[in-house]
Amino acid sequence: MKIRKIEPNEDLAAATNKKKTNRYKFAIIGIILLSAAGFFGFKYFKTETKTVCLGTDTKIYDTYKDAVVLVKHKYGYFAKINGKEFQLNVEDAKEETIYGTGFFVDANGSMLTNKHVLQPWNSSDEETEKVNTTISNLRMKVASILTKDVSEDQYESFIDSNWSHASVSYDEGEGEGDYEESDEETSEPAGEEFVSSNETPADTAQASTDIAASIPVKDYVSIDEIEVYVKTINIEVALHNSDNEWLTCEIKKVSEDTNIDLGILQLADQQTPASVTNVINLDNAVDDDKSLAPGQKAIMVGYPLGMDLAQTNSGIKVQLYNGQISKESDGNTIQYSITSTHGASGAPVFNECGQLIAVNFSGVDQVQGINFGIVAKHVHAL
């Protein structure tokens, strides 16, 4: 039997390798422990951040004033005929401008506001009916004057020039372009008929026929080919402390639920301005509307009356109003005693800690201090 002799150097090398292996194991274990500590530390930090209570109206205002914007929405009536779209600038179709409020909710220029700020023509059943009546009248008036010999490029100027002759008495069943005529019959004077010695009755009838044949018959565009609708001309927002500077926006989405008056607006460059240091954290919103009880504080930051109150000698300024929750939530809306009016639609409403509890959307015009907001739990549905 042959015995292998272990040399001293070989034993030293084995011991060294064992120490290296142990160091690697300790290093890996250390990395795992640090990662776990970092993860749970982040979760803890995030939880702690969510539970921070701002505590005062002034702190809430200072924290979120730059995130709340003044919304300016200009819209009007448009017509599309044979694929040609143009804006109607006639007396019956004047463009409108309304103001509202919105607020940034992320770093991508996304803002929350009311649906009726983004689609004011659908703000109520009464408004929708009014707009539909206007659209119907506009279609009939256009059909009563627009002839097929007018080129598409001339539609807009032709309608503007001839609008005073337009009529809503257009009736498709009686022929296009007809006007309402009197039912009274033309009476002939009594007495003896006189016939010119130079022509016979037959000659007179032939002359009338020739004259009628010489008058060109106009061919009008069918009302079925005329589409009229309302749409946005432009929608912009101004920041708190800005000097009447307006940023172009796009409407991204509106709630499909008629009871949820919410919509999303986004800056055209999809980037929240650097001056907005704190967006309103939707993850921190109060989702349990049953926890909102009468008597709890309600604080609104917005732009009631639009530019009338917002414009100052040192630029546009957002305003703060407070009150109390005055009625329990019905699942969709909450009532509070905050003084407000038109222009504050879409304003954020906070509790005393600065958590979003609702988005302001309506009030009672006759009485101040009765206003309503869509509860924050519906924000996530968008």
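The values are calculated or read from the model by the stated rules, or taken from the named source; none is laboratory data. No experiment lies behind these values; they were computed from the predicted model shown. Here the Cβ positions follow ideal geometry from the backbone for every residue, glycine too, while neighbour counts run over all protein chains shown. We work out accessible area using only protein heavy atoms, side chains counted, and drop any ligands, DNA or RNA first. Shrake-Rupley method; radii C 1.70, N 1.55, O 1.52, S 1.80 Å.
Ordered from highest to lowest accessible area with the whole protein assembly present and a 1.4 Å probe, 130, 290 read as 290, 130. Ranking of 165, 116 by solvent-accessible surface, largest first: 165, 116 (1.4 Å probe, protein heavy atoms only, all chains present). In region 55-153, Cα pairs under 8 Å separated by at least six residues give a relative contact order of 22 percent.
For region 54-77, the residues whose amide N sits under 20 Å from a probe point set 7 Å from the Cα of residue 278 along the beta carbon direction are 54-70.
On a 1.4 Å probe surface of the protein chains, which of 342, 73 comes out largest in accessible area, and what is the full order?
Values: 342 120, 73 0 Å².
Reading off the accessible areas and sorting them downward yields 342, 73.
Solvent-accessible area of residue 374, probe 1.4 Å, all protein chains present, reported in Å² to the nearest ten, please. Near enough 0 Å² of accessible area. Lysine pair count for region 233-329 (Cα-Cα distance under 29 Å; residues 8 or more apart in sequence or on different chains): 6.
Using Cβ point charges alone (K and R +1, D and E -1), the dipole size of region 250-377 about the Cα centre works out to roughly 300 debye.
If R0 is 51 Å, what FRET efficiency do you get for residue 107 and residue 324 from their C-beta distance, rounded to 0.05? The calculated FRET efficiency here is 0.95. The distance separating the Cα centre of region 95-131 from that of region 250-268 comes to 8 Å.
Spin-label model, residue 258/residue 94: points 7 Å from Cα along the beta carbon direction are separated by 3.0 nm.
Each residue, residue 130 and residue 270, gets one label point 7 Å from its Cα in the Cβ direction; the gap between the two is 3.7 nm.
Rounded to the nearest 10 square angstrom, residue 233 shows an accessible area of 60 square angstrom against a 1.4 Å probe.
Under 5 Å between amide hydrogens, built in the peptide plane, is the criterion, and for residue 103 it picks out 69, 112 among residues at least 5 positions away or on other chains.
Take residue 372: with every protein chain present and a 1.4 Å probe, its accessible area is about 50 Å². Shown here is the pair-distance distribution of region 266-382: with all Cα-Cα distances grouped in 10 Å bins from zero up to the longest one, the shares run 14, 43, 33, 10, 0 percent.
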